[in-house]
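No lab work stands behind these numbers, since they all come straight from the coordinates. Keep in mind that what you see is a predicted model, and the values were worked out from it rather than measured. Quick reminder, even Gly has a Cβ in these numbers, built from the backbone with ideal geometry, and neighbours come from all protein chains shown.
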2 protein chains.
Amino acid sequence: MQSYSVEHLQQMVSNAIALLPVYKEPSGLYEPISYTMNQGGKRLRPLLTLVAAQMFGGNPERALPAATAIEIFHNFTLLHDDIIDQAPLRRGAETVYKKWNINTAILSGDTMFAIAYGQLSASDPELLPGLMDVFTRTAIEVCEGQQYDIDFETTESVSLEEYITMIRLKTAVLLAASLKIGAIIGGASTEEAGHIYAFGENIGIAFQLQDDYLDAFGDERTFGKKTGGDIVVNKKTYLYLKALQNASEAGKHELQAIYSGSISDPAEKVGRVLDIFVRNGVQESTRDIIASYYNKGMESLKKIRLKPEALEPLMKLISGMLDRKF
Amino acid sequence: MQSYSVEHLQQMVSNAIALLPVYKEPSGLYEPISYTMNQGGKRLRPLLTLVAAQMFGGNPERALPAATAIEIFHNFTLLHDDIIDQAPLRRGAETVYKKWNINTAILSGDTMFAIAYGQLSASDPELLPGLMDVFTRTAIEVCEGQQYDIDFETTESVSLEEYITMIRLKTAVLLAASLKIGAIIGGASTEEAGHIYAFGENIGIAFQLQDDYLDAFGDERTFGKKTGGDIVVNKKTYLYLKALQNASEAGKHELQAIYSGSISDPAEKVGRVLDIFVRNGVQESTRDIIASYYNKGMESLKKIRLKPEALEPLMKLISGMLDRKF
C-alpha cells in the first residue's frame with residue numbers, strides 16, 4: 001500500500017473542499033459559506049483524519065468525505081463563535097457576522113452544519129453508525145465547551161480542573177475525534193481507536209495550553225499574532241488561574257483588581273500581569289503541565305503497535321502543532 | 001399487526017420527548033433546550049412519521065428515534081428563526097432569545113441540531129444512510145426557505161412562483177420528509193416513499209397557503225390568533241402577491257403604498273388591505289390554489305395501493321391540519 005506524504009494529503013483536502021457544492025442559490029445563504037470555506041486555514045483536523053486512516057492501513061481517499069465533514073463542522077462553529085465572541089476578524093479577514101450580519105452568520109452556519117453531516121454520510125454505509133456516534137457526541141461536547149467558556153467569563157472562581165474540562169471540550173475533543181474517525185475508516189480496532197482518541201485529547205489539551213502560554217510569553221514573530229491579547233480582554237486562562245493559585249493573598253488581590261479594570265493602559269496592564277505570572281512561577285507550571293499532557297498523549301500512542309515509519313506523518317503534524325513553542 | 005390510534009401514537013411521541021437526556025450540565029446550555037422541548041406544540045411532524053411507518057406495515061416504535069429527531073430539528077429551527085424574526089413569543093411563552101439572549105439561542109439551538117442527528121442515528125443501521133439523505137437534504141432546504149423568506153422582505157417584486165418555492169422549502173419539505181422517513185422505516189418501496197413525499201409536499205404547501213388565508217380571513221375564535229398580523233408587518237403573502245397581480249394599476253399602487261407605510265393605524269390598514277383583497281378576487285383565487293395543491297397531494301396518495309382503513313390515521317391528521325379552514 002502506497003503511503004502519501006502530509007503535503008499530498010493536504011492537497012487532497014484542499015481539492016475536496018474546493019469541489020464542495022456550495023455555490024448555489026439563494027446566494028445570501030451560500031456566499032458566506034463559500035467565503036468561509038475558501039479562506040483557508042491550516043486544515044489541521046481533516047489532515048489528522050487522513051493521516052490516521054493511512055496509519056492504520058486504510059486508503060485516505062475513503063476518509064475524505066468524513067475529513068471534509070469535520071472541516072466544515074469546525075468552520076461552522078467559528079461562524080457562530082464569532083457572533084458570540086463579537087470577533088471582528090478571523091484569519092485576517094472580516095468575520096461573516098461583521099461582513100454580512102448576525103442573521104446571515106446564524107443561518108449560513110446552520111446550513112454548514114447540515115452540509116457537514118451530508119459529507120459524513122458519504123462514508124462507507126457499514127461504518128456510518130459508528131462515525132455518526134463519534135461525530136455527534138463531539139459536536140455536542142464542542143457546544144458544551146463553548147458554553148463553559150461563556151459561563152467562565154462571569155464566574156468568580158474557576159478551578160484549574162474546570163478550566164481543563166472547558167478546553168478539553170471546546171478544543172481537544174474535535175482533534176481527538178478527527179483522529180478517531182480516520183482510524184475507524186482506516187480499519188483500526190475499537191481499542192486502537194480508543195488509544196488514538198486519548199492521544200488526540202491529551203495532545204489537544206497540550207496544544208490549547210500552549211496557545212495560552214504563547215499568548216503571554218510567545219515570540220510575536222513566530223506566534224504570528226500580538227501577545228498579551230488574552231490579558232487585555234481579562235481572559236481567565238490557565239496562566240491566570242495558576243497565578244491566582246500560586247500567589248500570596250496580596251498578589252491574588254492585585255491580579256483580580258487588574259482583571260477588574262484597575263489599570264486602563266493596555267501595555268502597562270499586560271506588563272504588570274506578566275510580571276505577576278513570572279514572580280509566581282506560572283511559566284514553569286504551565287510548561288510542566290503542557291509536557292505532562294504531551295507525555296500522557298504519547299503513552300496512549302505507544303499502546304498502538306505500529307512501525308515507527310507508519311507514525312511519521314502523524315508525528316510530523318503534531319510537531320508542527322506543538323513545536324512553535326519555546 | 002396491531003394498529004395504534006393517533007392518540008396512542010401521540011402519547012408515544014410525548015413520552016419519547018419527555019425522556020430525552022437534555023437535563024444536563026452546563027445548565028446554561030441545556031435549560032433552554034428543556035424549556036423548548038417541554039413547551040409542547042402539536043408534535044405534528046413526529047406524528048406524521050409514526051403514522052406513515054404504521055401505514056406501510058411497520059412498527060411505529062421503530063420510527064420513534066427518527067420521529068423524535070424531526071421534532072427536535074423543527075424546534076431548533078424555531079429557536080434560530082425567532083432570533084432572525086425578532087419574535088418575542090412562541091406558543092404563548094417567551095422565546096429563548098428573549099428569555100435568555102441571542103448567544104444562548106444560537107448555541108442551545110446548535111446543540112439541538114446535533115441531538116437531533118444523535119436521535120436519528122439510533123434508527124436501524126441498514127436504513128441509516130437513506131434516512132440521513134432525506135433528513136440532511138431537508139435540513140438544508142429548510143435553511144434555504146428561511147433565506148428566501150428573509151430575501152423577500154427586501155425584494156421589490158416577488159413572483160407567485162417564487163413565493164410557492166419559498167413556502168415549499170420553509171414549511172412543506174419538512175412535512176414531506178416526516179412522512180417519507182416514516183415510510184422508509186415502515187418498509188415502503190422507493191416508489192411509495194416518493195409518492196408519500198409528494199403527498200406531504202403538496203399538502204404542506206396547501207397548509208401554509210391556508211395559514212396565509214386564515215391570517216387575513218380566518219375566524220379568530222377557531223384560528224387561535226388575531227387576524228391581520230401578516231398585513232400589519234407588511235408580509236408579502238400569497239394573498240398580497242395575488243392582489244398585486246389581479247389589481248388595476250391604481251389598485252396595485254395603493255396596495256404598495258399601504259405596505260410602504262401610508263396608513264399608520266393598524267386596524268385601518270388591515271381593513272383597507274382586506275378590502276383590496278376582496279375587490280380583487282383574492283379570496284377565491286387563494287381557495288382555488290389551496291384546493292389545487294390539496295388535490296395534487298391526494299392524487300399522489302392514491303398511487304399508493306393501500307386499504308382505506310390503513311389510511312385512516314393519516315387522513316385524520318391531515319383533516320386536523322386542513323379542516324380549520326373555511
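Would you list, by chain and number, the lysines whose Cα falls below 20 Å from the Cα of residue A:236, excluding same-chain residues fewer than 8 positions away? Reachable lysines: A:170, A:225, A:226, A:252, A:269. Each 5 Å bin from zero up to the one holding the largest Cα-Cα distance in region B:1-147 carries the following percent of pairs: 2, 10, 19, 21, 20, 15, 8, 4, 1, 0. A P(r) calculated from all alpha carbon pairs of chain B, with 20 Å bins opening at zero, reads 30, 56, 13, 0 percent.
Per residue of B:135-141, other chain Cβ atoms within 10 Å of the residue Cβ number 5 on average. The simple spin-label model puts a point 7 Å past each Cα toward its Cβ; for residue B:87 and residue B:264 those points are separated by 3.0 nm. Straight Cα distances below 25 angstrom link residue A:307 to the lysines A:180, A:296, A:316, with same-chain residues fewer than 8 positions distant left out.
Take each residue in A:100-110, count the other chain C-beta atoms within 10 Å of its C-beta, and the mean is 5. From most to least packed by mean Cβ count within 10 Å, the peptides B:202-213, A:160-171 give B:202-213, A:160-171. Computed packing ranks the peptides A:186-197, A:295-306, A:98-109 as A:98-109, A:186-197, A:295-306, most packed first, by mean other Cβ atoms within 10 Å.
Computed per residue of the protein assembly as shown from DSSP H runs no shorter than four, each worth -39500 (n - 2.57), the mean residue ellipticity at 222 nm is -23500 deg cm²/dmol. Annotation for residue B:235, label-to-label distances across the other copies: 4.3 nm (shortest first, one decimal, point 7 Å from Cα along Cα→Cβ). Taking Cα atoms only, the orientation of helix A:60-84 departs from the longest principal axis of chain A by about 30 degrees. Note: the protein assembly as shown, Cα convex hull, 171 Å³ per residue.
A Förster radius of 35 Å, combined with the Cβ-Cβ distance separating residue B:225 from residue B:296, puts the computed FRET efficiency at roughly 0.80. In this assembly of identical copies, the label point of residue A:156 (Cα plus 7 Å along Cα-to-Cβ) is separated from its counterparts by 6.1 nm, sorted shortest first.
Given springs between every Cα pair under 10 Å in a Gaussian network model of chain B, which of B:308, B:65, B:129 has the largest fluctuation? Looking only at B:308, B:65, B:129, the largest GNM fluctuation is found for B:308.
Mean per-residue shielding of peptide A:116-123 is 5, counting Cβ atoms of other chains within 10 Å of each Cβ.
Below 14 angstrom from the Cβ of residue B:125, what's the summed charge of the other residues (Lys, Arg +1; Asp, Glu -1)? Once all neighbours under 14 Å are counted, the net charge is -4.
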